[in-house]
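Here's the structure we're looking at; comments come further down.
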Amino acid sequence: MKRYALMMLLLTAFVGSALYAQNTNPPASQGGGQAAAPPTNPLSTEVKTAYTRFKTYFVKAAEKMPEEHYGFKPAAEVETFGQRVAHIADANIGACARLKGEQKTLNAKAKTSKADLVAAIKESFTYCDGVFDSMTDAEALKMVAAGNQQRSKIAGLWGVVVHTNEVYGAMGVYMRLKGIVPPSSEGR
């Protein structure tokens, strides 16, 4: 697990520095030549940007899906749309609480109405907002318990982003099957 955390950290640092260099060093023909000062916390800023994008899509999808389709599932083996919303709400609370050194549960899986599930997903993201907003690169490199292993906080943050995005992608299929355009595809 330490190797995984180190690989995630190195990958994040490499991608973050490459994106930073790409976005802050315009060619001399475009007035470049003098580099801008680097951001204070490029690693945590990068993960927060991704988190914010997927959080926005996820909440919009939960709000956009009509209540009568919250019980829809495209195959017998998968969860309903509402259960997918509840899954992310509960997962967010658990992951972000671990990053804060707390134990907190939401029990969204016990909710079934659209209003309750939308409120739960918003509550989970609001809770996680505090974690993402307060994260610095120095803090992101600290290790926290993840089950019976240790994991860097930056790996935990990326875990929230990846998991939310993965479930959102699947929910896009649910929406398409009901003739609804997912929020990330609107305006295309």
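The values are calculated or read from the model by the stated rules, or taken from the named source; none is laboratory data. What you see is a predicted model, and the numbers here were worked out from it, not measured in a lab. A quick note on method: Cβ atoms are made from the backbone with ideal geometry, for glycine too, and the neighbour counts reach across all protein chains shown.
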- Task: All but one of (1) of a type in the set (D, E, K, R); (2) touching a residue at least 60 places away in the same chain (Cβ under 8 Å); (3) outside any helix (DSSP H, G or I) hold for Lys122, so report the exception by its number.
- Result: (3)
- Message: Restricting to region 139-175, count the residues that are without any contact (Cβ under 8 Å) to a residue 60 or more places away in the chain and in a helix (DSSP H, G or I).
- Response: 4
- Message: Just checking: which of the helices (runs of 4 or more DSSP H) contained wholly in region 1-101 hold 2 or more residues that are over 14 Å from the mean Cα position of the chain (by Cα), of a type outside the set (D, E, K, R) and modelled with pLDDT under 55?
- Response: 2-24
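Condition first: among the basic types (Lys, Arg) and either touching a Pro at 6+ places or on another chain (Cβ under 9 Å) or over 24 Å from Glu63 (Cα atoms) (or both). Now tell me which residues in region 77-104 satisfy that.
Quick first cut of region 77-104, residues among the basic types (Lys, Arg) only: 84, 98, 100, 104.
If the condition is that a residue be among the basic types (Lys, Arg) and either touching a Pro at 6+ places or on another chain (Cβ under 9 Å) or over 24 Å from Glu63 (Cα atoms) (or both), then Arg98, Lys100, Lys104 are the ones that fit.
Among the residues of region 136-151, is there at least one that is of a type outside the set (A, V, I, L, M, F, W, C), under 14 Å from the mean Cα position of the chain (by Cα) and at negative phi?
The first filter runs over region 136-151 and keeps only residues of a type outside the set (A, V, I, L, M, F, W, C), leaving 136-137, 139, 142, 147-151.
So of that shortlist, the ones also under 14 Å from the mean Cα position of the chain (by Cα) come out as none.
No; the residues of region 136-151 include none that is of a type outside the set (A, V, I, L, M, F, W, C), under 14 Å from the mean Cα position of the chain (by Cα) and at negative phi.
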- Among (1) among the polar types (S, T, N, Q); (2) surrounded by 13 or more Cβ atoms within 10 Å (Cβ to Cβ); (3) under 24 Å from Glu63 (Cα atoms), where does Ser152 come up short? (3)
- Which residues, counting only those in region 53-63, are touching a residue at least 24 places away in the same chain (Cβ under 8 Å) and surrounded by fewer than 15 Cβ atoms within 10 Å (Cβ to Cβ)? Thr56, Glu63
- Message: Whether any residue in region 112-133 is among the charged types (D, E, K, R) and closer than 16 Å to Gln83 by Cβ is what I want to check.
- Response: yes
